[in-house]
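All of the numbers you see were taken from the coordinates with simple rules; none came from a lab. These numbers come from a predicted model, not from an experiment. Here the Cβ positions follow ideal geometry from the backbone for every residue, glycine too, while neighbour counts run over all protein chains shown.
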Amino acid sequence: MGGSTSAFPPPSPSSTAACSFVLRNCPLISAIVAFTVAQSTKFFTTRYREKRWDPKQLVGSGGMPSSHSAAVSALALAIGIQDGFGSSIFATATIFAFVVMFDAFGVRLHAGKQAEVLNQIVYELPTNHPLSDTRPLRELLGHTPIQVAAGAMLGVFVAVIGHFIKKIVGDNC
């Protein structure tokens, strides 16, 4: 039995090419980096403020800055830089970004406030009430307008930095 002893075959040329395209996709990379930086910021800010590590901050929603806003604004701006600000894909990404950001401080923020009120009502129920054992609803769902704006600014910053890195490195992002 000659050849490789690995349980996995070597990547095919088509999968290697696909990986190369993904790694050079600046809008995608910008969005992922912006999201990751925003979530990491929440994680380390919680550690600094509360003197404890809270792994839920790495995946949770809500808080400062909005990682969703960071991701969609980085995506839209990187698409605009790459494909032109007059392109239909930039228009689509921009509208998508506005919908996500509006939802973050509109619907989701109010859903979180409703969850807070409902949790308080359940907390005040008598212990023999059928709903007194109800698990609390998640309250931190949405963002304030400032958190959304901070996320958007972070996304713009990441997309601009990504553009400059692309110019320095060449065609690779």
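For labels at Lys51 and Thr36 in the simple 7 Å Cα→Cβ model, what's the distance in nm?
In this crude spin-label approximation the distance works out to 3.2 nm.
Report the full-extension gain for the segment Val117 to Met64: residue separation times 0.36 nm, less the Cα-Cα distance, to one decimal in nm.
On the way: separation 53, 0.36 × 53 = 19.08 nm, distance 2.21 nm.
Full extension from Val117 to Met64 adds 16.9 nm.
What nm distance separates the two modelled labels at Asn128 and Arg24, each placed 7 Å from Cα along Cα→Cβ?
7.3
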